[in-house]
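Contents: one structure, followed by commentary.
The values are calculated or read from the model by the stated rules, or taken from the named source; none is laboratory data. Since this is a predicted model, take the numbers as computed values, not measurements. Every residue, glycine among them, receives a Cβ derived from its backbone with ideal geometry; neighbour counts consider all protein chains shown. Just so you know, the surface numbers come from the protein's heavy atoms only, side chains and all, with ligands and any DNA or RNA stripped out. Shrake-Rupley method; radii C 1.70, N 1.55, O 1.52, S 1.80 Å.
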Amino acid sequence: MNTVVVAQLQRQFQEYLVSLYQQGFLDNQFTELRKLQDEGTPDFVAEVVSLFFDDCSKLINSMSRSLGRPESVDFKQVDSGVHQLKGSSSSVGARRVKNVCISFKECCDVQNREGCLRCLQQVDYEYKMLKTKLEDLFNLEQQILQAGGTIPQININ
Amino acid sequence: MPLDGGVSCLRRSEMIGIGIGELESPPLDSDQVHVLAVDDSLVDRIVIERLLRITSCKVTAVDSGWRALEFLGLDDDKSSVEFDRLKVDLIITDYCMPGMTGYELLKKIKESTSFREVPVVIMSSENVLTRIDRCLEEGAEDFLLKPVKLADVKRLRTYLTRDVKVSDRNKPKVPEDLSRFSSLAMVTPPPPPPPSITSVKSSSLEEIVSSSPPPSESSISPVDSPIRRMEMRSPGLD
């Protein structure tokens, strides 16, 4: 094991993870999820967020359909979708996605179709952005492991 | 990937496949705490299942109130038969679910002869006082604000021993002092759980409850007050 390389990768990982929190992509709940991962379950976080992103895609598609025709928007369905999205984003620590959902819900409550469409677009953007960021993060994890190192436990706060 | 009996090592497709119905742990060891978790969200089911397994519970996770009743054998209206093999020590359920809400599930459980003694914990993403009150009045043991954390589940564990079920029978239904539910901290930041609860042994739970002030005008602040602050979580880095 090249300890210099491992140390470098670990530092990179740490800096990247911290930046994700600083930029508001992630919140404390992501930290909580990482606590649930260990050597026996090294893919736990990756699996959970993967399910979350699948959820996002599915819900965004169905809400998009509901918002499709201006004369017959099913706001109840949209509201249900937003509720689910807000819940799961909250559970994985996807802070920006969750925050868009809060605005999204408000637009739903007043049946503002235009507002809903904007939020839909934003939530789509945010989840895809987060997906890319986390892919990079998990990539770094893999590199550390392949170099024979361990994933640092990082204390945010 | 090796299967350790838990969900966490399964590939995604497998997780999705069994997530639609039940997530079940291997055969029950009678000394282990068995928890029935109910949540319509797959992501939340995976997380709560992991949280519980990490605190050494066996978990059965289902996606609806109906499936929960089915699992408990309460799904028909005939008088329930004792399922000797079925030891459920705790039921933890989401509040907002399509079809049957967690509240409705709670009621059905408390109406049953076989499972009314089983503590039921409600989870919700919304800190609505009337909702919390309703659940506690109906006999819920505790109310957790989502997203659920390891500390919340560990706290549940401290009062969840086999002995507690016996003393539960004499427990008044409504805990008068909501401040013992640390996940509902009314001021920010949330205070740590009161020491008397975290170190509680089964017998002292009864003492704590019986020494609480008698039910009176709620000392709980109205919904528009500090409780709303709970919704605003600071980002991971402060």
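Some values worked out for this structure:
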read-out	value
Count of residues meeting criterion [in a loop (DSSP other than H, G, I, E, B) and touching a Pro at 6+ places or on another chain (Cβ under 9 Å)] in segment B:83-132	2
A:F25 being touching a residue at least 12 places away in the same chain (Cβ under 8 Å), open to solvent by less than 40 Å² (accessible area, probe 1.4 Å) and more than 7 Å from every other protein chain (Cβ to nearest Cβ)	yes
Helices (runs of 4 or more DSSP H) within segment A:42-157 that include 3 or more residues among the acidic types (D, E)	A:44-66, A:113-146
When residues of segment A:38-58 are limited to those that are open to solvent by 10 Å² or more (accessible area, probe 1.4 Å) and more than 8 Å from chain B (Cβ to nearest Cβ), the one modelled with the lowest pLDDT	A:E39
Segment B:90-108: number of residues that are away from chain A (no Cβ under 14 Å), free of Cβ contacts under 8 Å to residues at least 60 places away in the same chain and more than 12 Å from B:C135 (Cβ to Cβ)	3
Checking A:M1 against (1) outside any helix (DSSP H, G or I); (2) facing another protein chain (nearest Cβ under 10 Å); (3) open to solvent by 20 Å² or more (accessible area, probe 1.4 Å), the condition it does not meet	(2)
Per-region count, segment A:9-22, residues surrounded by 15 or more Cβ atoms within 10 Å (Cβ to Cβ) and either of a type in the set (F, W, Y) or not in a helix (DSSP H, G or I) (or both)	2
Residue check for A:L67: away from every other protein chain (no Cβ under 14 Å) and more than 29 Å from A:A46 (Cβ to Cβ)	yes
Checking A:E114 against (1) free of Cβ contacts under 8 Å to residues at least 24 places away in the same chain; (2) open to solvent by less than 50 Å² (accessible area, probe 1.4 Å), the condition it does not meet	(2)
